[in-house]
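See below for the structure under consideration.
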Amino acid sequence: MDSQAVHQMEDQLKQEAEQFIRQCYRELGKTMEDTELRIQQVQNEINRDGSYEHTYEELVHGAKMAWRHSNRCIGRLFWNRLQVFDARNLTSEDAIYQALLRHIEFATHGGEIRSAITIFKQTVRNQEPVRLWNHQLLRYAGYEAPDGGVIGDPSSVDFTRICTSLGWRGEGTPFDLLPLVIQCHDRKPRLFELPGEIVKEVPIHHPELDLFSGMEVKWYAVPIISDMRLEIGGISYAAAPFNGWYMGTEIGARNLADKSRYNLLPRVAEAMGLDTSSSGSLWKDRALVELNVAVLHSFRTSKVSIVDHHTAAQQFGVFQKIEEREGRCVTGRWSWLIPPLSPATTDIFHSTYEDRVDSPNYYYQPKPYE
Ligand code: ARG
């Protein structure tokens, strides 16, 4: 990069840093003096090193703001209740693996799920970042069968192939937990098995009906997104896995129901004795409702936190009220905020949202493989 381009980048970084520090420090109730001092310090650091590092306080509040700005998330009422693990100093794959296990255990908490994020080293110029190759820390493998079908989760087929090529061998069941794949900088990615004891899973059963005619269906307790980039004040964290708890429909109306996922509706309808010969019998809708009843019932009886979509939508309404009161405008992406089941029964359906992307935020990033 020529020096002019470097200058331009540093100027932009200074601007983004200043904007973040101002908002962050205002929200944290810091004095003007502290704020100006910190901005000066950050600028000096950028002049000297071409970049800057967040204080622990900035990191914590920045990660929370990023959640608050996540337009696709219906669960943002709880943005200020996020446990932030600062893992920026870890340099080895083994240490990162240990931090991930700690995250899983903290978040799972025997079923009483706690929201958390573990933040690894920030991206620096001229160096490959730390990357977690998994989409979520917990996820089921998908194997292409010779007949063109898939055993397991079809959305994991590519990543499962990568794991296999790196030497992993799955058992071949529809619910094999994938290994963790950790890559530090320009080194080769390394595979780590998840110890079964720390992964909580929930067997899915309907309270009255036999929905799966003998097939064992389950889902893991905690969704921990591990492939998104966290951006705070112009600084990128390419590895920053975070979790909340599930909303029932994510599992019952998408993961287990989508045609391109576990595709269980035909099986459920069959087990319920529904007429699947005409779509007008609403067999898909009826199967979908009972599948979602089963998911909520099962998580509850296993004592694992879960929220139904009506409650989640109500909580989102409370979030909107609070944000308004704070003088902030809630941004959102309507198509993601409405639940996939009975959307028009929620207020969200009847509202509009500006899908503006504020900083800090979480972003998709190119997959490290492919
Ligand atoms: N929809 C994703 C899944 O079903 C998880 C996304 C995050 N969800 C959450 N409740 N925090 O695995």
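The values are calculated or read from the model by the stated rules, or taken from the named source; none is laboratory data. Everything quoted here is computed from the prediction, not taken from an experiment. A quick note on method: Cβ atoms are made from the backbone with ideal geometry, for glycine too, and the neighbour counts reach across all protein chains shown. When the accessible area is computed, the model is the full protein with side chains, heavy atoms only, and any ligands, DNA or RNA have been set aside. Shrake-Rupley method; radii C 1.70, N 1.55, O 1.52, S 1.80 Å.
Given the rule -39500 (n - 2.57) for each run of at least 4 DSSP H residues, summed and divided by the residues of the chain, what is its mean residue ellipticity at 222 nm, to the nearest 500 deg cm²/dmol?
-11500 deg cm²/dmol
Rounded to the nearest whole Hz, the Karplus-based 3J(HN,Hα) values (6.51 cos²θ - 1.76 cosθ + 1.60, θ = phi - 60°) of the stretch 77-88 follow the sequence 3, 9, 4, 8, 10, 10, 7, 9, 9, 8, 10, 5, with x at glycine and proline. Restricting the GluC sites (Glu not before Pro) of the stretch 160-229 to loop positions (DSSP other than H, G, I, E, B) with no more than 14 neighbouring Cβ atoms within 10 Å leaves Glu171, Glu193, Glu208, Glu216.
Using a Gaussian network model of the chain whose springs link C-alpha atoms within less than 10 Å, name the residue from Gln127, Gln315, Gln15 with the highest mean-square fluctuation. Ranking Gln127, Gln315, Gln15 by mean-square fluctuation puts Gln127 first.
The phi torsions of the stretch 246-255, fed into the Karplus equation with coefficients 6.51, -1.76 and 1.60 and a -60° offset, translate into couplings of 6, 9, x, 5, 4, 8, x, 10, 10, 4 Hz, rounded to whole numbers, with Gly and Pro shown as x. Computed over the chain, relative contact order equals 20 percent, with contacts defined as Cα pairs under 8 Å that lie 6+ residues apart. For the chain, the share of accessible area belonging to carbon and sulfur comes to 49 percent (1.4 Å probe, ligands and nucleic acids excluded). Across every direction, the projection of the convex hull enclosing the Cα atoms of the chain has a mean area of 20.9 nm².
What ranking, highest mean first, results for peptides 98-105, 287-294 when packing means the other Cβ atoms within 10 Å averaged over each residue?
Taking the mean over residues of other Cβ atoms within 10 Å, the ranking is 287-294, 98-105.
Computed from Cα atoms, the angle from the helix 93-108 axis to the main principal axis of the chain rounds to 60 degrees.
Just checking the listed ones, Met65, Met215, Met272: in the Gaussian network model of the chain with Cα springs under 10 Å, the one fluctuating most is Met215. Under a straight-distance cross-link criterion of Cα-Cα below 19 Å, which lysines are reachable from Lys259, leaving out those fewer than 8 residues away in the same chain? Within the straight-line cut-off, Lys259 pairs with Lys218, Lys284. Could you name the aspartates and glutamates in cross-link range of Lys200, using Cα to Cα under 12 Å and dropping any fewer than eight places away on the same chain? Partners found: Glu105, Glu112. Each pair of Cα atoms in the stretch 166-253 enters the Kirkwood radius, and Stokes-Einstein at 37 °C and 0.692 mPa s then converts it into a translational diffusion coefficient of 201 µm²/s.
Once the C-beta distance of Glu36 and His185 is scaled by a Förster radius of 30 Å, the resulting FRET efficiency is 0.25 to the nearest 0.05.
Straight-line reach from Lys121: taking Cα to Cα under 25 Å and skipping same-chain neighbours fewer than 8 places apart, the lysines in range are Lys14, Lys64, Lys188, Lys367. What nm value, rounded to one decimal, do you get for the distance between Met9 and Leu209 when each label is placed 7 Å out toward the C-beta? Label-label distance for Met9 and Leu209, simple model: 5.7 nm. Rounded to the nearest 10 degrees, the angle from helix 309-325 to the longest Cα principal axis of the chain is 20 degrees. At R0 = 22 Å, how high is the FRET efficiency between Arg333 and Ser359 if r is their beta carbon distance? Nearest 0.05 is fine. For R0 = 22 Å, the calculated efficiency reads 0.85.
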